[in-house]
Amino acid sequence: MSGKGGVGKSTIAANLAAGLALRGYRVGLLDCDIHGPTVPTIFGLESSRPEVNEQGIIPVRVFSNLSVMSVGFLLENKDSPVIWRGPAKMGAIKQFLEEVYWGELDYLIIDLPPGTGDEPLSVAQLIPNCDGSVIVTTPQDVALVSVRKSINFSSKLNVPVIGIVDNMNGLVCPHCGEMINVFGSGGVEKASQDFNVPVIAELPIEPKVAEMEDKGTVLQGLDHSTEWQKNFELVVNSVEKIL
């Protein structure tokens with residue numbers, strides 16, 4: 001989760017789900033970003049639709065041990081807006097949590113929209129024993145204000161914070177290989193110290209990751225060929241170790 005948009009929450013959620021599945025775990029990924037669902041696009045599943053049978057709503061299968069569910073699968077086309085007020089959004093999330101039949105899971109990863117409003121609150125209330133949250137941020141000061149709010153939100157709702165992912169932390173120069181601090185540095189470490197929450201990974205800006213997601217080829221690109229993907233293993237390790 002994060003209090004600010006555009007920091008890469010869906011990217012982190014999708015790659016975390018895929019990373020855990022590639023380690024042999026049974027994983028479900030629930031996209032609770034009602035107004036801006038991107039999980040179908042990330043996995044190249046925009047034309048897929050969930051099935052419904054006597055067991056409930058059957059999520060879309062990515063491969064044998066990874067399934068995903070998103071309101072994006074229910075739209076007539078990907079450009080259709082979701083114009084819902086709070087009660088409708090809460091009802092949809094409740095239906096997803098109660099009626100989607102995942103089968104036996106080791107992990108259910110939930111991708112949340114930015115902020116601390118209806119969707120995160122609904123999830124926290126409907127899953128009272130949630131194992132933990134991962135806070136995603138970027139190094140800008142404006143994003144770090146939201147990090148503090150997200151940590152406080154988790155604390156008030158008794159959701160343990162697994163750690164902070166510092167996304168878009170610098171750009172590796174393609175010519176000299178030096179790291180360029182595009183958005184500054186130091187703020188994430190300060191927030192980590194203030195709240196005693198670990199920074200579990202620092203991920204550089206990586207054009208290849210964005211390109212893969214735009215093409216819906218994120219899984220085919222998980223070959224650890226970039227610094228981003230190598231560092232991302234730290235996120236998977238942290239979730240695997242703690243949970």
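Read-outs: derived from the displayed coordinates by stated rules, not from any lab. This structure is a prediction, so every number in the text was calculated from the model and none was measured. We place every Cβ from the backbone using ideal geometry, glycine too, and count neighbours over all the protein chains shown.
Test V199 against the criterion of being among the aliphatic types (A, V, I, L, M) and either surrounded by fewer than 18 Cβ atoms within 10 Å (Cβ to Cβ) or in contact (Cβ under 8 Å) with a residue 40 or more places away in the chain (or both), and give yes or no.
Values: among the aliphatic types (A, V, I, L, M): yes; either surrounded by fewer than 18 Cβ atoms within 10 Å (Cβ to Cβ) or in contact (Cβ under 8 Å) with a residue 40 or more places away in the chain (or both): no.
When the stated conditions are applied, V199 does not pass them.
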If the requirement is being over 19 Å from S10 (Cβ atoms) and not charged (D, E, K, R), which of these qualifies: G91, G44, G72? G91
If we keep only residues of region 1-18 that are of a type outside the set (A, V, I, L, M) and either within 11 Å of the chain's Cα centre (by Cα) or not in a loop (DSSP other than H, G, I, E, B) (or both), then the residue nearest to N65 (Cα to Cα) is N15
Looking at N152 and the list (1) touching a residue at least 40 places away in the same chain (Cβ under 8 Å); (2) under 15 Å from K4 (Cα atoms), which single condition is not satisfied? (1)
Flagged in region 82-141 as of a type in the set (V, I, T) and closer than 21 Å to A191 by Cβ, in numbering order, are T116, V134, I135, V136, T137, T138
If G86 meets every condition in (1) under 16 Å from A17 (Cα atoms); (2) touching a helix residue (DSSP H, G or I) at 6+ places or on another chain (Cβ under 6 Å) apart from one, which number is that one? (1)
On the basis of being within 15 Å of the chain's Cα centre (by Cα), surrounded by 19 or more Cβ atoms within 10 Å (Cβ to Cβ), touching a residue at least 24 places away in the same chain (Cβ under 8 Å) and assigned to a helix (DSSP H, G or I), does V123 make the cut? yes
